[in-house]
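Here the structure comes first, spelled out in structure tokens, and everything after it is commentary.
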Amino acid sequence: MNTTSDLHGRRLLRLSEQILEILKRTQYTPQESSKVSTKDILFSLLLPNTSSPNQVSEEESIKNLALVCALLSSSRSSTHELLSWIPDNLSAIGESTFREISRDCLSDFPSNAEELEELVVDCGEIELLPIVLPELKDGIEKSSLGKSSDAEDVVAAMARTPVGYAIIAAHQLRRFVTQVEKPNLVKFCNLVVPCALTALDHWSPEVKGQGMICLVHLAKNVTSGDLGLYGDVVLDACCQNIASDDVIWIHVVELSVLLVTKIHPNNPRSPWYEKIMNEMLGHLERQPRNKERRIAWLRFIEPLLNALGLFLLAHFRRIFPLFFQWMHSDDAETVLLVLERLETVVRLTWIRNSPFITRLVEELVSLYKESSTRKDRDEIRTLILLILMLLRQCKSLQFESAWSQYQEDPNLSTVSEYILASSS
């Protein structure tokens, strides 16, 4: 470990005691349903540093303190009962303590203040990743189950090892991984991916979610080549988790789209595109009225649509019924997202050999009229006009036939004038 000689001694002792004093004064009542005490876990990590510092190795002391800091700072991004009790002042001192450890790690490197500030967080995480990740992986794995496990297996596993330990370890894992960025993170793919996959294989949605966030961060900071042989393994894990809990649907959608477009760019014939799209559409068809799921999908699916291009035609019979239903949702966010994705689909495919043109014109006209009472009327109508013009450009005869029944409608006179003016 690249640390100064007094880090193990006076400074490390001071940092640990500072957190310990605040922790002792912080009220904490464990949930009756939980068999895990987060406060006891924190004490178990801090007390060896403070009660017998001379008997704990330097590496062990720094690892313990870093795990404490990771757990404390994780409370700022989680509402889970195991972390929600941690007050802001305790989270803040956890973050500042970690930064102080990191600065000590950099003490031997000459750099100006600005460079030091940029490197501070990465250095501490990089020094610690090979030490803490195997331990966190083991903590998650202890309460994991096999692929064919049922409800009775879950109960048995919880009795053997409470899931709270895996939840805490998963949050610590996320904290460590997400603080390291390019180019440094690539050096630790072989550590991060197995740990994150272990989290994805866990039965707890809370643990799965943290693993997905780790993999999203990893995918954003490494190249497809860096992922190497892990690419298809992670994509398979994504597919296995698409039919997931509502809480983590947004993460699995973001991760699946990010990975398939990164690992198989410019290759829409890859079976992963069809598999992921079909899995997602099938899940959305089963819950078309689930607002959170549809918004998450509409928000993150754009790169996958662009990558598929003309291959989207194979999914029209499933995509358009969902779009037609969502276009008339009560919430403006869904409506605007649907129209934006519709514009993408029309632009990429020109609706070739599609029976949906007449129905699409009908639904757009209906939405145009409905929007008169909406707050986001102008944004909605701008997108509708854009899609109508695209339809006219790519399917002039079919569009004219579909539009002919609306030409005399006084409520659509502005639309007719716009189409006529734009086409002349």
Item to check | For Rg/Rh (Cα atoms, Kirkwood Rh), calculated from these coordinates, the label among (i) 1.02; (ii) 0.95; (iii) 1.08 | outcome: (iii)
Checklist outcome for this item: Note on the chain: helices (DSSP H) long enough, at least 30 Å by alpha carbon along their axis, and hydrophobic enough, mean Kyte-Doolittle at least -1.0, are 113-141
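Would you mind checking K208/K275; K262/K395; K63/K182; K262/K375 for any pair whose Cα atoms are more than 30 angstrom apart?
Values: K208/K275 21 Å; K262/K395 33 Å; K63/K182 23 Å; K262/K375 38 Å.
Long pairs (Cα-Cα over 30 Å): K262/K395; K262/K375.
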Next on the checklist: What's the ranking of 230-237, 374-381 by average number of surrounding C-beta atoms within 10 Å, highest first?
Outcome noted: 230-237, 374-381
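Bear in mind that the values in this text are calculations on the coordinates, not laboratory data. Everything numeric here is computed off the predicted structure, so don't read it as measured data. Virtual Cβ from ideal backbone geometry, glycine too; neighbours counted across all protein chains shown.
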